There are 6 protein chains.
Amino acid sequence: MKPVVVRNVKRADPDAVGTLEAVGVSTAHEALGRFGLMKPYLRPIYAGAQIAGPAVTVLAQPGDNWMIHVAVEQCQKGDVLVVGCTADNTDGMFGELLATGLRARGVKGLVIDAGCRDVKTLKEMDFPVWSKAISAKGTVKATLGAVNIPVVCAGVNVEPGDVVVADDDGVVVVPKKLAVETAQKAQKRKDDEDGKRKQLEAGALSLDMYNMREGLAKAGLRYVDNPEDV
Amino acid sequence: MKPVVVRNVKRADPDAVGTLEAVGVSTAHEALGRFGLMKPYLRPIYAGAQIAGPAVTVLAQPGDNWMIHVAVEQCQKGDVLVVGCTADNTDGMFGELLATGLRARGVKGLVIDAGCRDVKTLKEMDFPVWSKAISAKGTVKATLGAVNIPVVCAGVNVEPGDVVVADDDGVVVVPKKLAVETAQKAQKRKDDEDGKRKQLEAGALSLDMYNMREGLAKAGLRYVDNPEDV
Amino acid sequence: MKPVVVRNVKRADPDAVGTLEAVGVSTAHEALGRFGLMKPYLRPIYAGAQIAGPAVTVLAQPGDNWMIHVAVEQCQKGDVLVVGCTADNTDGMFGELLATGLRARGVKGLVIDAGCRDVKTLKEMDFPVWSKAISAKGTVKATLGAVNIPVVCAGVNVEPGDVVVADDDGVVVVPKKLAVETAQKAQKRKDDEDGKRKQLEAGALSLDMYNMREGLAKAGLRYVDNPEDV
Amino acid sequence: MKPVVVRNVKRADPDAVGTLEAVGVSTAHEALGRFGLMKPYLRPIYAGAQIAGPAVTVLAQPGDNWMIHVAVEQCQKGDVLVVGCTADNTDGMFGELLATGLRARGVKGLVIDAGCRDVKTLKEMDFPVWSKAISAKGTVKATLGAVNIPVVCAGVNVEPGDVVVADDDGVVVVPKKLAVETAQKAQKRKDDEDGKRKQLEAGALSLDMYNMREGLAKAGLRYVDNPEDV
Amino acid sequence: MKPVVVRNVKRADPDAVGTLEAVGVSTAHEALGRFGLMKPYLRPIYAGAQIAGPAVTVLAQPGDNWMIHVAVEQCQKGDVLVVGCTADNTDGMFGELLATGLRARGVKGLVIDAGCRDVKTLKEMDFPVWSKAISAKGTVKATLGAVNIPVVCAGVNVEPGDVVVADDDGVVVVPKKLAVETAQKAQKRKDDEDGKRKQLEAGALSLDMYNMREGLAKAGLRYVDNPEDV
Amino acid sequence: MKPVVVRNVKRADPDAVGTLEAVGVSTAHEALGRFGLMKPYLRPIYAGAQIAGPAVTVLAQPGDNWMIHVAVEQCQKGDVLVVGCTADNTDGMFGELLATGLRARGVKGLVIDAGCRDVKTLKEMDFPVWSKAISAKGTVKATLGAVNIPVVCAGVNVEPGDVVVADDDGVVVVPKKLAVETAQKAQKRKDDEDGKRKQLEAGALSLDMYNMREGLAKAGLRYVDNPEDV
């Protein structure tokens, strides 16, 4: 890894970002072909936030938040900061002061494959964070990493400018060149679901709605009346 | 395992179910003789729900929710759906649309040894779920499992029709043939606790209330005044 | 380990305790030199509580809460009860009745390296607990441990009378002989942060506020305009 | 749970047991329809052992091995002892002396959903154990459990007399009433694999041997020459 | 993700691969600037193997090894197969028959972010595997993935043709364009270590060899004679 | 924590150390009253070593092995080095060169609550290590810790000079002031076990040897002939 900061980031299409934020993580993930989902150990520090934005990426050393300070300057309004680590770490690499700086630049939230602290204050500020742990463990500023290079965060490779979508279901990354196409598919999926929800509320069975009965029978599913018949 | 759906389930006594729902998990678990508790990695997706109902059981393949769709049709008003998996899995096998279908049939909630998604919507619907993870990971419909056979879920063997009690403390399973007896013991326990609570609020020590001092002395507990005397 | 209860505990300075409660865990941990933090698997059973108090310590056997009953009698108004275990355990060793007894004596809360139950009621009582797990698993009263000896809890050695500070960020232990000095440093730190927050809200960069640019350049950080230049 | 010891166990067919021991876990598990496999956290304390035998089952309390002592008397030559726990536990509930007693009765090995100790001696004795942990943590003899009732061990429900097959790949449980049928299928599978191995050694592709190409194409798999063509 | 197989892989320089295999993982990882190391949960199924080779990559669905069968055909002599998964999974996606096919093509070994089975036979075949788990759990062949696209495996993004180095210390990935440079640095490092080892064997202190004393003093390290002086 | 090195360590009685090394971890742990055992996630990097020695202690920062270099100078022949960390960490903080330096001073082995690397070489050197992980992840030398102060390692508080006993069953710490007494009890225990082993080999039941039958009956254990009688 070279210790470097890349200044220019080609960001994903803003309209696609808007659509993906509106549909949320589960729908975006399906629209992308069930791909790009970060591992579920990444959890929001409080419930209810739903955001999307182009990624500014940080590669940090475990227990060292020096490069997060460096990254703030590279952020623009609407961005989401994404921090990966060179080794597993739960230290509280991010807190209130960094959030204040990011908020001042219009950053929407943070996704970090490490720990977060000051969670009560962050909730009061309404600055959402998805992290691996909550920990007060302080960090040093001693070793370089990089900003705006591709980083692996919670199992997903994130390129700077990719769309990061995050809500209570987790975090999904949509590559910027697939953003427009994925947003369209996601919107269509969302619209379809509204119709399905109404049918189900009226008592329809998904078995019938999706015509599953024939496939199940072909695969060999048997119905019996009683346990003794198994 | 045979790929089969058993239609008829002998359900536990409804009055016993009602009592067990009212007393909650910790009391029901004690009344059953400290047995039948699912592993504590199973957590409610939101706080505050407290339910009990006869189990409709599903054995599913990891990352495949086909059999949950099949199970919906076998559910009756007041049931709790219980999903076990043939291998460890955190994928989001359950979400808003399945919940809408179950809700339309009067199902009280879901216990799943895998992941759940659409958690924000499920909370708005007030449809409680106890799961191993929250994950947007989509699932396939490719391999058969079974419905209403005994399944192991989070470390407990569940027979169809057994009483599933779930609240913020976890999930306990009361075998249907022990339901009435357990409900009676649980109610008695609950009543006793009310008396104890009042004594404790008034400053009584449990050491005295339970006559522990003699047993402690016999077992060899010593009281000393200062660290140097240890 | 000798099965013993030590009656007299030298408790940390009350004013220092008050200051540490007000500043919270992250600041107290930094003021102590980034030390004494319990492992982040210890989580509050509900969000929002912030307490500090001298430790009354318990060493318990896994799945056995006999010594917690013994410890209640040794607690004074303002104390925090700290329970360590001789082996990893998630059983619900603490619940509503014990909390009622502790509350009657003015105890502020509990830190336990094991499980907790009755969490809904504990929240209603506003009795905060930091635990490793939430579990209804009942416990026995069969084997002795000790009260008010040094215990390791979630990775930290706690002496009776040390200051336990706990909030949404976790739990930190300040040795009683360092309490006054740490409280002073923590207060100063808190005051400094207020100034920094204002600068950051106004758009200042922490890179400039902390004069990091020179150090980064010395360490070899390079800025490039585009990915191709890396 | 009732504290009880069941004396008479109907054991699985001995010939089927012999076949299942010879084919090993992976083949037995496939022959059973990919079912009955214990969770992979269960590991042999040393490599190379391969056993099968009817289960004598124990339900134990965490950190308490009283019921294992009780179970020894119920074991016969060729049995495998299976220990489940009412809560997660890693204590060393089994060691050299218990193994000596079991060995004297002809027991083939132990499967325990908890910890094991004296592992160096057990290896020298060639007494194989599959456990969740290796731990010297001593246990008490204070609370009853049960012997020869159905127990859940590492995620699988085991009935007394079921066939337990264990080797370096893990542990699978074959219900006694399916033992003969499963042993036959497993033997056939093993024979088939010998032929396949020879073809593969000679350079055949499984893609061709199993006629996968058509299915892959139908499902939509595309072959391209270069990354740019994706 | 598009379901695709890329046929042509530009492989890293063979001489660099040879050097990296000879120096092993720890040295290669240091030479790369402490980067590219897979997470330590990936362990060899037996001790002692040390390999390096260009990566052929597979993206598989959890519990589905269809794409591994597809990938065999794309492998050349000296390659290392790398399998990533779209979700966490411990199923035994790889075993003896696939290893036989790969061995016939001269593949050196497998790195898989999932489970492996037939470990006893694989050891006898001397076919090394680094996996997340050992599990007999059988898999299906139902859902497409991809071959020779970039995949994240155990926290590292792997491009087809990158050098995979694996031994008892873990697995590191050296990007193909950095392979030659990294191999040179690694060789130099290895040579230097031989000299250092001799000095240390003769009783030299690393404190002196690396001139650490001044830096330690500057950072504030104090030496005292007795605990009371701390 | 103060960044300090304490030069003089009062070491435990050498004869007691010798006895404890001979009896091993499980017996020493029982003799100490089932106390002082490190968590079982600490495992030997290879099987078969059995050591005991006075502790030289290190408190290190995660991912930083500076203080281990400092500690080497404080070690004497027969010591065991014990490294605790201020936060969870799996980085390879220890390897071949440090082992060479320690070996030159006669140190018996290392216990580290973090990762270890060069494990193949360490095994060839016959330098035993008990660690939390095996990882090639390189570390920095940037932040101070301390040497020969009390440190918590894998859940146990270790004072400099305490006896560290380690073998395939784990690691136990015997406080130096209890070393002689514990060694005597351990030796007696070992002698007793020899007699018991012979009885068990001859077919005696531990149920009878320890007179458990009466206690079991009193506690309510029932024997029944068949499952139907439960």
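The values are calculated or read from the model by the stated rules, or taken from the named source; none is laboratory data. What you see is a predicted model, and the numbers here were worked out from it, not measured in a lab. So basically every Cβ, Gly included, is an ideal-geometry build from the backbone, and we count neighbours across all protein chains shown. Note: accessible area is taken over every heavy atom of the protein model, side chains too, but ligands, DNA and RNA are not part of it. Shrake-Rupley method; radii C 1.70, N 1.55, O 1.52, S 1.80 Å.
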| 10 Å Cβ neighbours from other chains, averaged over peptide B:32-42 | 6
| request: Can you list the distances in nanometres, one decimal and ascending, from the F:LYS190 label point to the identical position in each other copy, with the point 7 Å along Cα to Cβ? | output: 4.4, 4.4, 5.6, 5.8, 7.1
| field | Rounded percent of accessible protein surface that carbon and sulfur make up, the range C:5-131, 1.4 Å probe | value | 47
| request: Compute the relative contact order of chain B as a whole-number percentage, counting only Cα pairs closer than 8 Å that sit 6 or more residues apart in sequence. | output: 29
| query | Per residue of D:110-117, what is the mean number of Cβ atoms on other protein chains within 10 angstrom of that residue's Cβ? | reply | 2
| field | Apportionment of accessible area to carbon and sulfur, the range A:133-179, percent (1.4 Å) | value | 56
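From the mean inverse distance of alpha carbon pairs (Kirkwood) and the Cα radius of gyration, derive Rg over Rh for the range A:14-185.
That ratio equals 0.94.
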| task | Within the range F:103-126, which residues have the backbone N less than 11 Å from the label spot 7 Å out from F:ARG7 along Cα→beta-carbon, could you tell me? | result | none
| field | Protein-protein interface of the range F:134-165, residues with accessible area decrease of at least 40 Å², isolated chain reference, 1.4 Å probe | value | F:ILE134, F:ALA136, F:LYS137, F:VAL140, F:LEU144, F:VAL152, F:ASN157
| said: Please report the spacing between the Cα centers of the range C:153-230 and the range A:33-57 in Å, no decimals. | reply: 26
| field | Highest-fluctuation residue, D:GLU30, D:GLU159, D:GLU21 considered, GNM on chain D with Cα pairs under 10 Å | value | D:GLU30
| remark: Copies of C:GLY203 compared via label points 7 Å along Cα→Cβ give distances in nm, shortest first, of 6.3, 6.3, 6.7, 7.1, 9.3
| message | Suppose all protein chains stay in the model; what accessible area per residue would a 1.4 Å probe give for the protein assembly as shown, in Å²? | response | 35
| remark: Interface C-A: total buried accessible area (1.4 Å probe, Å², nearest 100) of 3200
| message | Averaged across A:6-18, how many Cβ atoms of other chains sit within 10 Å of each residue's Cβ atom? | response | 2
| field | Whichever lysines have a C-alpha closer than 21 Å to that of D:LYS123, once near sequence neighbours (fewer than 8 apart) are set aside | value | D:LYS77, D:LYS108, D:LYS132, D:LYS137, E:LYS120, E:LYS123, F:LYS123, F:LYS190, F:LYS196, F:LYS198
| task | Let me know the shape class of the protein assembly as shown, please: from the alpha-carbon gyration tensor, a ≥ b ≥ c as square roots of the eigenvalues, rounded when a/c is under 1.5, otherwise prolate if a/b is greater than b/c, or oblate. | result | rounded
| request: Extending each Cα 7 Å along its Cβ direction at C:ALA202 and C:LYS177, get the distance between those two points in nm, one decimal. | output: 4.4
| Using the per-residue mean of other Cβ atoms lying within 10 Å as a proxy for protection, in what order, highest first, do the peptides D:130-139, B:217-226 fall? | D:130-139, B:217-226
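Convex hull over the Cα atoms of the range A:97-195, averaged projected area in nm²? Display every interim value, and only then the final one.
Numbers: hull surface 33.4 nm².
Dividing the Cα hull surface by four gives the mean projection, 8.3 nm².
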| request: At 7 Å along the Cα-to-beta-carbon direction for both D:ASP194 and E:ASP192, put a label point, then send me their distance in nm to one decimal. | output: 5.7
| query | Which percent, nearest 5, of DSSP beta bridges in the range D:14-185 are antiparallel? | reply | 50
